[in-house]
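The values are calculated or read from the model by the stated rules, or taken from the named source; none is laboratory data. All values derive from a computational prediction rather than experimental measurement. Because the Cβ atoms are built from the backbone with ideal geometry, glycine has one as well, and the counts that use them run over all protein chains shown. In case anyone asks, the SASA skips ligands and DNA or RNA and just uses the protein heavy atoms, side chains included. Shrake-Rupley method; radii C 1.70, N 1.55, O 1.52, S 1.80 Å.
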Amino acid sequence: MNIQIINGPNLNLLGVREKSIYGSADFETYLTELKNHFTSITINYYQSNVEGEIINKLHEVGFTCDGIVLNAGAYTHTSVAIADAIAAITAPTIEVHISNVYKREEFRHHSMLAASCKGVIAGFGMHSYRLAIESLLLTY
Ligand code: DQA
């Protein structure tokens, strides 16, 4: 089983950025933990701050991998183009958020992407990614 994790803008700054919201762990350290936890799954990781590059990655992997875990960061709330890309591909995509976006500013309460995704997981810190992978495993 092949899972692609895609992180969007500013998520390269995890561990540095707004620690009270996103925690003090960097994503690479968490990714190692995730790979050690799911030893029978191939987990690939991609991060970009650029909307079009996220779309290119969705196109590249979206017809061949078994699932996508996508934290599109702020593009979640704005991007029709990423929503269209998710709708265009065949791999099930899970929208994830580290923070509970519903506890935060109102502009974070709406997702442009959720309707094109299989489901949404938010508010469990870094473990949102693990829960998203668990949800993809349920379908196998
Ligand atoms: C986020 C929530 C978004 O609203 C925000 O723009 C992010 C991170 C999260 O993981 O909690 O960059 O997607």
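Counting only lysines at least 8 places from residue 118 when in the same chain, those with an alpha carbon closer than 25 Å to its own are 35, 57, 103.
Which of rounded, prolate, oblate describes segment 59-140, given a ≥ b ≥ c as roots of the alpha-carbon gyration tensor eigenvalues and a/c under 1.5 marking rounded, otherwise prolate only if a/b is larger than b/c?
Details: a/c = 2.41, a/b = 1.24, b/c = 1.95.
Cα axes put segment 59-140 in the oblate bin.
Springs between Cα atoms under 10 Å define the GNM used for the chain, and in it the highest mean-square fluctuation of 36, 44, 71 occurs at 36.
Relative contact order for the chain: what is it in percent, counting Cα pairs under 8 Å that are at least 6 residues apart? Before the final figure, lay out each step's value.
Numbers: 242 pairs, mean separation 35.8, N = 140.
Taking the mean separation of contacting Cα pairs over the length of the chain, I get 26 percent.
The order of the peptides 114-122, 16-24 by mean Cβ neighbours within 10 Å, most packed first, is 114-122, 16-24. Placing unit charges on each Cβ (+1 for Lys and Arg, -1 for Asp and Glu) gives segment 2-138 a dipole about its Cα centre, and among 131, 43, 2 the Cα reaching farthest toward its positive end belongs to 131.
Using +1 on the beta carbon of Lys and Arg, -1 on that of Asp and Glu, and nothing else charged, what's the dipole of the chain about the Cα centre, debye to 20?
Details: 9 positive and 13 negative charges, 54 e Å.
Its charge dipole is roughly 260 debye.
For the chain, the residue among 97, 117, 69 whose Cα projects farthest onto the positive side of the dipole built from Cβ charges is 97. Here the Karplus curve 6.51 cos²θ - 1.76 cosθ + 1.60, taken at θ = phi - 60°, turns the phi angles of segment 90-106 into couplings of 9, 5, x, 10, 10, 7, 10, 9, 5, 8, 7, 4, 6, 8, 10, 4, 4 Hz, with x standing for Gly and Pro. Calculated accessible area for the chain comes out at 49 Å² per residue, all protein chains present (probe 1.4 Å; ligands, DNA, RNA ignored).
Taking only protein heavy atoms and a 1.4 Å probe, the accessible area of the chain is 52% carbon and sulfur. Once each part is reduced to its C-alpha centroid, what is the distance from segment 64-140 to segment 1-31 in angstrom? Rounded to whole Å, the Cα centres lie 14 Å apart.
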